[in-house]
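Q: Structure in structure tokens, see below.
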Amino acid sequence: MSGLFDIAGRTALVTGGSRGIGLMIARGLLEAGASVIVSSRKQPDIEAAARELSALGDCTAIVGDISTADGAGELARATRERFPSLDILVNNAGAVWGAPLEEFPASGWDRTMHTNVEGVFHLTIGLLDALRASAGADEPARVINIGSIDGLRAPAVENYSYSASKAAVHMLTRHLARRLAGEHITVNAIAPGPFESKMMAAMLDDPQTRSAIEQSVPLGRIGRPDDVAGLTLFLASRAGAYMTGTVIPLDGGITGCNEG
């Protein structure tokens with residue numbers, strides 16, 4: 001049992017790793033002994049994050065924009081140069097857009113879909129050879145996609161492209177899992193609820209709104225860094241080696257306790 005959650009010496013790429021849930025995951029992987037590449041499209045932000053994270057272990061920053069196929073391909077190439085054998089891919093980078101239904105712009109729809117769905121697909125495909133190089137029957141390579149509870153239930157806010165994109169990520173997770181299981185690559189998704197992030201900052205920074213959100217969570221609080229780091233570690237380690245094609249809500253009971 002002592003080695004069940006051990007990922008020491010593993011290699012990982014975390015997209016969107018400069019802040020929010022991506023930064024939480026990167027920190028957790030490093031603290032568990034993995035070597036980690038963090039990536040985002042803004043060079044100052046990702047380099048600052050890598051400097052902070054390097055105090056915990058082997059961390060490298062790579063600037064990458066997965067919102068285009070070419071950008072995803074370039075990030076995959078740069079990652080393969082650093083890690084020809086990649087154990088863990090965390091597809092976390094994402095975009096969100098909100099607007100009233102009849103005013104929702106095509107640009108907001110396209111940007112969200114390009115980043116949240118196509119980016120996950122193109123980057124995963126671009127890194128298949130590196131994932132295959134580390135994959136084995138007893139220790140599969142891991143792809144962990146970050147979805148959202150907004151892809152599991154209709155949200156109250158008008159973020160139409162975001163909720164649709166995250167539902168697509170969940171289905172893409174299952175489809176890739178079916179295709180790649182025979183190659184010893186597992187593909188799972190985490191569907192977070194409310195966590196401290198730029199996306200939720202406007203709501204969580206307001207005490208009244210924050211309190212209302214906390215009261216809507218059956219467990220009565222906002223998600224913490226160790227919550228998402230712990231679930232990621234489970235999926236990335238021997239403990240989660242027999243799971244693939246799953247979408248796991250990490251939401252304090254919002255979806256599970258309110259069903260029916």
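Q: Between Ala137 and Ser54, what FRET efficiency comes out of the Förster formula 1/(1 + (r/R0)^6) with R0 = 41 Å and r the beta carbon distance, rounded to 0.05? All intermediate terms of the calculation are to be shown ahead of the outcome.
A: On the way: r = 34 Å, r/R0 = 0.83.
That pair, Ser54 with Ala137, gives E of 0.75.
Q: Taking N as the number of residues in the range 1-148, what is its Cα Rg relative to 2.2 N^0.38 Å? Kindly include the intermediate steps, with their values, before the conclusion.
A: Working: Rg = 15.7 Å, N = 148, 2.2 N^0.38 = 14.7 Å.
Its radius of gyration relative to the 2.2 N^0.38 Å reference: 1.07.
Q: In whole percent, what relative contact order does the chain give with Cα contacts below 8 Å and a gap of six or more residues? Could you put the intermediate results ahead of the total?
A: Numbers: 537 pairs, mean separation 52.1, N = 260.
Averaging sequence separation for qualifying contacts and normalising by length gives 20 percent for the chain.
Q: Given R₀ = 25 Å, FRET efficiency for Ser211-Leu4 by Cβ-Cβ distance, to 0.05?
A: Working: r = 38 Å, r/R0 = 1.52.
Between Ser211 and Leu4 the formula returns 0.10.
Q: Search the structure for amide H atoms under 5 Å from the amide H of Asn145, placed 1.01 Å from N in the peptide plane, and list their residues when 5 or more places away or on another chain.
A: Asn91, Asn188, Ala189, Ile190
Q: Just want the ordering: Val187, Val63, from fewest to most Cβ atoms lying within 10 Å of their own Cβ.
A: On the way: Val187 29, Val63 17.
The most exposed by this proxy come first: Val63, Val187.
Q: Rounded to the nearest 20 debye, what is the charge dipole size of the chain about its Cα centre when +1 sits on each Lys and Arg Cβ and -1 on each Asp and Glu Cβ?
A: On the way: 22 positive and 29 negative charges, 84 e Å.
The calculated dipole for the chain is roughly 400 debye.
Q: At q = 0.14, 0.17 Å⁻¹, what log₁₀ I(q)/I(0) does a Debye calculation on the Cα points of the range 1-73 give, no solvent, two decimals?
A: One equal scatterer on each Cα of the range 1-73 leads to -0.41, -0.58.
Q: For Thr173, Thr246, what ranking results if the residue with the fewest other Cβ atoms within 10 Å of its Cβ goes first? List each step's numbers first, then the result.
A: Numbers: Thr173 26, Thr246 16.
Starting with the residue having the fewest Cβ neighbours, the order is Thr246, Thr173.
Q: Ratio to report: Rg/Rh of the range 11-250, with Cα atoms as the point set and Rh obtained by the Kirkwood method; give two decimals. Don't skip to the end; give the middle numbers.
A: Working: Rg = 17.0 Å, Rh = 17.9 Å.
Taking Rh as the inverse mean 1/r over Cα pairs, Rg/Rh reads 0.95.
Q: Using the C-alpha atoms of the range 80-143, what convex hull volume per residue, in cubic angstrom, is computed? Mind showing how you got there, number by number?
A: Numbers: hull volume 5.8 nm³, N = 64.
So the per-residue hull volume is 91 Å³.
Q: Just subtract the alpha-carbon distance of Glu47 and Thr255 from 0.36 nm times their residue separation and send over the number in nm, one decimal. Let's see the in-between values first.
A: Working: separation 208, 0.36 × 208 = 74.88 nm, distance 3.59 nm.
That works out to 71.3 nm of additional length.
Q: Would you mind ranking Asp70, Asp87 so that the residue whose beta carbon has the fewest other beta carbons within 10 Å leads the list? Let's see the in-between values first.
A: Working: Asp70 10, Asp87 23.
Exposure proxy ranking, most exposed first: Asp70, Asp87.
Read the figures in this text as sums done on the coordinates, not as results from a lab. The shown structure was predicted, so the numbers you read here are calculated from the model rather than taken from an experiment. Methodologically, a virtual Cβ is constructed for each residue, glycine included, from the backbone with ideal geometry; neighbour enumeration extends over all protein chains shown.
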